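A.B. asks: Got a structure for you, questions after.
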Amino acid sequence: MITAGIDMGAQFIKVVILDDGKVTARTIIPTGFEPLEAAKKALDNAMKEAGISRQDIKSIVATGAGRKSVDFADSSITEVTADARGTIHLNPSVRTIVDIGAEEARGISCDAQGKVLDFAKNDKCAAGSGAFVESMARALEIKVPEMIAISLKSTKEAPINATCAVFAESEVVSLIHSKIEKADIAHAVHDAIASRVSSMVRRIPVEKDVALIGGVANNAAIVDVMQKHLGTEIVVPENPQYVSALGAALSAAS
Amino acid sequence: MTTEYFRWTEYAWKNPDKDWQKADTLVAGIDVGSVSSQAVVLADDEIYCYSNARTGSNSPDSAKNALGMALKDTDIKQENLQFVVGTGYGRVNIPMSNKAITEIACHARGANYMGGPTIRTILDMGGQDLKGIHCDERGKVTQFLMNDKCAAGTGRGMEVMAELLQVPIVDVGQMSLDVEEEPPPVSSTCVIFAKSEAIGLLRKGWTKNMVLAAYCSAMAHRVVGLLERIGIEKDFTITGGISKNIGVTSRILKELKVDSVPLKPDPQIAGALGASVFARDLLLKSRK
Amino acid sequence: MFNRLLRRLVILPGYIANYGYTDGSGDYYIIVDTDKCDGCGKCVEACPQDILEIITDDYDDLVVTVKEEHSKNLKYVCAPCKPVSGPVELKCQIACPSGAITHSW
């Protein structure tokens, strides 16, 4: 049976097509200002990649912040459910999931079947989400990949106190003016977001294994500092930004 | 150099009718805030001169600059000042101050001086925080609430929006009222997300005025939510830089269904003025 | 001390300090009734995150306050004490002999 999962993220829309438990296509496009149009396009691209047509898909399930706007989906599930389903499918030993997206961060505790036991989330505040990393990279006048690379080479601690992205930006600017190494500032930025997300995650029981998913999981510097903050090793599944969409596609198949 | 839309003009004012040489007490209050700094000189119990300047990279220089601007057209020298109280975000780093007092106490005192003893609730909308303050008839704080983390609803948030829309910050308020119909407020309280929402609205064909209206009303709504935590008691007044943005203040008053007492000569000097009133009290007390 | 006695005798309104903030995800405040607080410091010792301190306020009373750097991140520093399941009595509140501390939830 062929099913599709659509994850309507704040910044990107992800689509996964599943054929009897096997992923046959994965696509990602920016959400932009016409999310419904973008979702259709992402699905079209995925169908092309998998070499199938609309009639072949038995069921479509949407998830993510904008899931309600997908009028062509058969049903929708919450991001929390989708995260748990997708992660357990890829990595059955995971019990705690941390999902850091562009605008939100979540901590989820689940069992071996992917059933959600508890969760905590931080919504609509740029501090503690991917948007924070991006706006700090802008303040540093470098691209995000470069910021990650130099952050891993940092040797000194730099102070960033602000818990609001707008204020943190001014702090970054004044650190640049006081001639602090960009590497150390980049590290401080990652440390700030990790400390925020991990404090939030600690509101739920943190049990091994711990997985980090969402677009920000591709950021090696964050994975590194998150491990320090949570005091445990973190697994990052392959294609971490598609985990939610995969969870939705799995849910469509059941 | 590109235009800096968030910039506003610094200014100073001097009381033409007062002779400081004849005054028994001559004191000053300096408020070093995150975005702007003010200095007020009080001769006896009257405002002699004041200034409003942009805060620089460090507190000592910002304090010197503000005081220097206030004293520029007078023949007062710094050593003529008998007592100086510092307040605001940078209060502990003001070299010429004899004492530091929190901005909460100073704003209440300054609002009480300008608005009279009937003021009970003060909303201070500063550069990086929002404060709700209740005070008694002498301007003594009875309850306060400080929102000092999030840029939403602050002057800094407004600067971000002014830069984004390339509108001079002083025009934001009037432009936001210049709309045919009040648009729905932007949904995000977070400035970072409101920014991307604003870009989306512009692409949809909204005018700058409409986007500003949507932003100002979201800001007003958020401020009202904050004030409801401590409640509103009449008389009500607004201090701080955003108090000069009519787009935000008129929407706050409409939502709260109260009037605000206008503060003369300038609602932005409330903190520095309050500090100078404290300075005078402390000076008189030390003479006894 | 004398100030506080006087305030109680003439029944002036209490002095309530709200430390914290509201952001897109909710309210995060620690509320101190400075009339009830006598600055004993038991809560300062009880707080596992070390976010409280005793200061002399603008009216010369000893009271507890939230350290300035922490009033901006209460959501995060208080999180370990606050279960998602809902309000419980917190360590700082249990330690306070006069019931001067409340938290927003």
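A.B. asks: From the list B:Asp73, B:Asp24, B:Asp44, B:Asp31, which one is crowded, with 22+ Cβ neighbours inside 10 Å and touching a residue at least 12 places away in the same chain (Cβ under 8 Å)?
C.D. replies: The match here is B:Asp31.
A.B. asks: Would you mention how many residues in region A:159-168 are more than 9 Å from chain B (Cβ to nearest Cβ), buried (at least 17 other Cβ atoms within 10 Å of the Cβ) and at pLDDT below 85?
C.D. replies: 1
A.B. asks: Filter region A:103-130 down to residues that are away from chain C (no Cβ under 14 Å) and buried (at least 20 other Cβ atoms within 10 Å of the Cβ) and give me whichever is nearest to C:Lys82 (Cα to Cα).
C.D. replies: A:Cys110
A.B. asks: Here's a follow-up. Which ones in region B:145-179 are more than 14 Å from chain A (Cβ to nearest Cβ), in contact (Cβ under 8 Å) with a residue 40 or more places away in the chain and in a loop (DSSP other than H, G, I, E, B)?
C.D. replies: Selection gives B:Gln166, B:Val167, B:Pro168.
A.B. asks: From A:Val144, A:Val173, which residue is at pLDDT 90 or above and closer than 25 Å to B:Glu197 by Cβ?
C.D. replies: A:Val144
A.B. asks: Which numbered condition in (1) among the polar types (S, T, N, Q); (2) free of Cβ contacts under 8 Å to residues at least 40 places away in the same chain; (3) surrounded by 23 or more Cβ atoms within 10 Å (Cβ to Cβ) is the only one that A:Thr96 fails?
C.D. replies: Evaluating A:Thr96 over (1) among the polar types (S, T, N, Q); (2) free of Cβ contacts under 8 Å to residues at least 40 places away in the same chain; (3) surrounded by 23 or more Cβ atoms within 10 Å (Cβ to Cβ) leaves (2) as the failure.
A.B. asks: Moving to a separate point now. Do we find that B:Ala105 is in a helix (DSSP H, G or I), in contact (Cβ under 8 Å) with a residue 40 or more places away in the chain, within 13 Å of chain C (Cβ to nearest Cβ) and under 20 Å from the mean Cα position of the chain (by Cα) in this structure?
C.D. replies: Against the criterion (in a helix (DSSP H, G or I), in contact (Cβ under 8 Å) with a residue 40 or more places away in the chain, within 13 Å of chain C (Cβ to nearest Cβ) and under 20 Å from the mean Cα position of the chain (by Cα)), B:Ala105 qualifies.
A.B. asks: Sticking with this structure for a sec: Pick from B:Ile230, B:Ile242, B:Ile238: which is more than 22 Å from B:Gly157 (Cα to Cα) and of a type outside the set (Asp, Glu)?
C.D. replies: B:Ile230 is the lone residue from the list that is more than 22 Å from B:Gly157 (Cα to Cα) and of a type outside the set (Asp, Glu).
A.B. asks: Shifting gears a bit: Go through region A:78-87 residue by residue and tally those that are of a type in the set (A, V, I, L, M, F, W, C) and either crowded, with 23+ Cβ neighbours inside 10 Å or assigned by TED's automatic domain parsing to the domain that holds A:Met226 (or both).
C.D. replies: 2
A.B. asks: Residue check, A:Arg106 against (1) free of Cβ contacts under 8 Å to residues at least 60 places away in the same chain; (2) assigned to a strand (DSSP E or B); (3) touching a Cys at 6+ places or on another chain (Cβ under 9 Å), all met but one. Which one?
C.D. replies: Every condition holds for A:Arg106 apart from (3).
A.B. asks: For the structure I just gave you, tell me whether B:Ala63 is hydrophobic (A, V, I, L, M, F, W, C), more than 30 Å from C:Ala17 (Cα to Cα) and buried (at least 23 other Cβ atoms within 10 Å of the Cβ).
C.D. replies: No; evaluated as a whole, the condition is false for this residue.
A.B. asks: Out of everything in region C:78-96 that is within 7 Å of chain A (Cβ to nearest Cβ) and hydrophobic (A, V, I, L, M, F, W, C), what residue ends up being farthest from B:Asp148 (Cα to Cα)?
C.D. replies: For region C:78-96, the residue satisfying everything is C:Val84.
A.B. asks: Which count do you get for residues in region A:4-25 that are touching a Phe, Trp or Tyr at 6+ places or on another chain (Cβ under 7 Å) and of a type in the set (D, E, K, R)?
C.D. replies: The number of residues fulfilling the criteria is 1.
A.B. asks: Inside region C:59-85, can you point out the residues that are among the aromatic types (Phe, Trp, Tyr) and buried (at least 21 other Cβ atoms within 10 Å of the Cβ)?
C.D. replies: C:Tyr76
A.B. asks: Further, regarding this structure: Residues to consider are B:Glu159, B:Glu163, B:Glu228; find the one that is acidic (Asp, Glu), in the same structural domain as B:Asp124 (by TED's automatic domain parsing) and surrounded by 22 or more Cβ atoms within 10 Å (Cβ to Cβ).
C.D. replies: Step by step, each of B:Glu159, B:Glu163, B:Glu228 is checked, and only B:Glu159 is acidic (Asp, Glu), in the same structural domain as B:Asp124 (by TED's automatic domain parsing) and surrounded by 22 or more Cβ atoms within 10 Å (Cβ to Cβ).
A.B. asks: Separate question: Which residues, counting only those in region B:9-43, are in contact with a helix residue (DSSP H, G or I) (Cβ under 8 Å, 6 or more places away or on another chain) and over 23 Å from B:Gly88 (Cβ atoms)?
C.D. replies: B:Trp20, the sole residue that qualifies.
A.B. asks: Being of a type outside the set (S, T, N, Q), away from chain A (no Cβ under 14 Å) and in a strand (DSSP E or B) is the filter here; which residues of region B:108-139 pass it?
C.D. replies: Within region B:108-139, B:Ile122, B:Leu123, B:Asp124, B:Met125, B:Lys131, B:Gly132, B:Ile133, B:His134, B:Cys135 qualify.
One line per residue, one yes/no per condition, for (1) within 17 Å of the chain's Cα centre (by Cα); (2) modelled with pLDDT of 95 or more; (3) within 29 Å of B:Arg54 (Cα to Cα):
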site	(1), (2), (3)
B:Leu227	yes, no, yes
B:Lys234	no, no, no
B:Asn245	yes, no, yes
B:Ser260	yes, no, yes
B:Pro265	yes, no, yes
B:Ala275	yes, yes, yes
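A.B. asks: If you don't mind, another one. Just to be sure before I move on: is B:Arg91 touching an Asp or Glu at 6+ places or on another chain (Cβ under 8 Å) and charged (D, E, K, R) in the structure I sent?
C.D. replies: In short, yes.
A.B. asks: Filter region B:180-213 down to the residues that are closer than 22 Å to B:Met125 by Cα and not in a helix (DSSP H, G or I) and list them by number.
C.D. replies: B:Pro185, B:Val186, B:Ser187, B:Ser188, B:Thr189, B:Cys190
A.B. asks: Do we find that A:Asp71 is part of a loop (DSSP other than H, G, I, E, B), assigned by TED's automatic domain parsing to the domain that holds A:Ser254 and not small (Gly, Ala, Ser) in this structure?
C.D. replies: Yes; evaluated as a whole, the condition is true for this residue.
A.B. asks: Residue check: is B:Thr142 within 30 Å of B:Met210 (Cβ to Cβ), within 13 Å of another protein chain (Cβ to nearest Cβ) and hydroxyl-bearing (Ser, Thr, Tyr)?
C.D. replies: For B:Thr142, the condition - within 30 Å of B:Met210 (Cβ to Cβ), within 13 Å of another protein chain (Cβ to nearest Cβ) and hydroxyl-bearing (Ser, Thr, Tyr) - is not met.
A.B. asks: Same structure again: Could you go through region A:199-218 and let me know if any residue there is over 16 Å from A:Val144 (Cα atoms), out of contact with any Pro (no Cβ under 8 Å at 6 or more places or on another chain) and in a helix (DSSP H, G or I).
C.D. replies: Yes, because at least one residue in region A:199-218 is over 16 Å from A:Val144 (Cα atoms), out of contact with any Pro (no Cβ under 8 Å at 6 or more places or on another chain) and in a helix (DSSP H, G or I).
A.B. asks: Can you go through B:Asn80, B:Asn52 and tell me which one is surrounded by fewer than 16 Cβ atoms within 10 Å (Cβ to Cβ) and either in contact with a strand residue (DSSP E or B) (Cβ under 7 Å, 6 or more places away or on another chain) or not assigned by TED's automatic domain parsing to the domain that holds B:Asp281 (or both)?
C.D. replies: Exactly one of B:Asn80, B:Asn52 is surrounded by fewer than 16 Cβ atoms within 10 Å (Cβ to Cβ) and either in contact with a strand residue (DSSP E or B) (Cβ under 7 Å, 6 or more places away or on another chain) or not assigned by TED's automatic domain parsing to the domain that holds B:Asp281 (or both), namely B:Asn80.
A.B. asks: So which residues in region C:17-75 are in a loop (DSSP other than H, G, I, E, B), farther than 17 Å from B:Ala105 by Cα and away from chain A (no Cβ under 14 Å), if there are any at all?
C.D. replies: Result: C:Lys36, C:Cys37, C:Asp38, C:Gly39, C:Cys40, C:Gly41, C:Cys47, C:Asp50.
A.B. asks: Exactly one of these conditions fails for A:Ser135: (1) within 10 Å of another protein chain (Cβ to nearest Cβ); (2) touching a residue at least 24 places away in the same chain (Cβ under 8 Å); (3) surrounded by 23 or more Cβ atoms within 10 Å (Cβ to Cβ). Give me its number.
C.D. replies: All conditions pass for A:Ser135, except number (3).
A.B. asks: Looking only at region B:231-249, filter to residues that are part of a helix (DSSP H, G or I) and among the hydroxyl-bearing types (Ser, Thr, Tyr); which one of those is surrounded by the fewest Cβ atoms within 10 Å (Cβ to Cβ)?
C.D. replies: B:Thr249
A.B. asks: Something else about it: Based on this model, can you work out whether A:Ser198 counts as modelled with pLDDT of 85 or more, within 14 Å of another protein chain (Cβ to nearest Cβ) and touching a Leu at 6+ places or on another chain (Cβ under 6 Å)?
C.D. replies: Judged against the criteria, A:Ser198 is a match.
The values are calculated or read from the model by the stated rules, or taken from the named source; none is laboratory data. What you are looking at is a predicted structure, and each value in this text was computed from that prediction instead of being measured. Counting neighbours? That spans all protein chains shown, and the Cβs are built from the backbone with ideal geometry, glycine included.
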